[in-house]
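Only the coordinates and a few stated rules stand behind these numbers; no lab work does. In this text the structure is predicted, and so the values were computed from the model without any measurement. Note that we place each Cβ from the backbone using ideal geometry, even for glycine, and neighbour counts take in every protein chain shown.
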Amino acid sequence: MPHACRYEKSRRAVSAAALSLALCFCLFSGVYSCSGGSAPESSAPSSSVPSEPEPSSQAPKVVYCQVVGVNEGSSLNIRKEPSSDGEIIGKGLPGEKFVFISEGSTADWKKIRFKDTEGFVSAQYVSLVEE
């Protein structure tokens, strides 16, 4: 039976050493709880390292220009320049959405993504929506 005693003492010594190491790590890293326990608040200084914000799992919202104020059966002209004299490069149907890029050179126009290019639509016939 002497072997069992030596083994038990050796196991306790290793466990005590591992516990001491874990406690030192917790105290020096500013972590207060180790394996479900907690150190008294006065025994360790608070961590001065700011925590990093967690990355958002949500995708950024996209802003669209949705065609409104255009009668059924009619369409909104999409123009090459922000002007009613600009070349018409396409049409937008009521309810159709286009990716909003920015305000035009004046507040009267919105710059949009149309197919593989950029175009302009009259601001009075679109509303901005986020999705």
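Remarks
- Gly95 vs. criteria within 23 Å of Glu131 (Cα to Cα) and part of a loop (DSSP other than H, G, I, E, B): yes
- Among the residues of region 76-110, those that are farther than 15 Å from Gln66 by Cβ and either among the aromatic types (Phe, Trp, Tyr) or buried (at least 16 other Cβ atoms within 10 Å of the Cβ) (or both) comprise Asn77, Arg79, Pro82, Ile89, Gly90, Gly104, Trp109.
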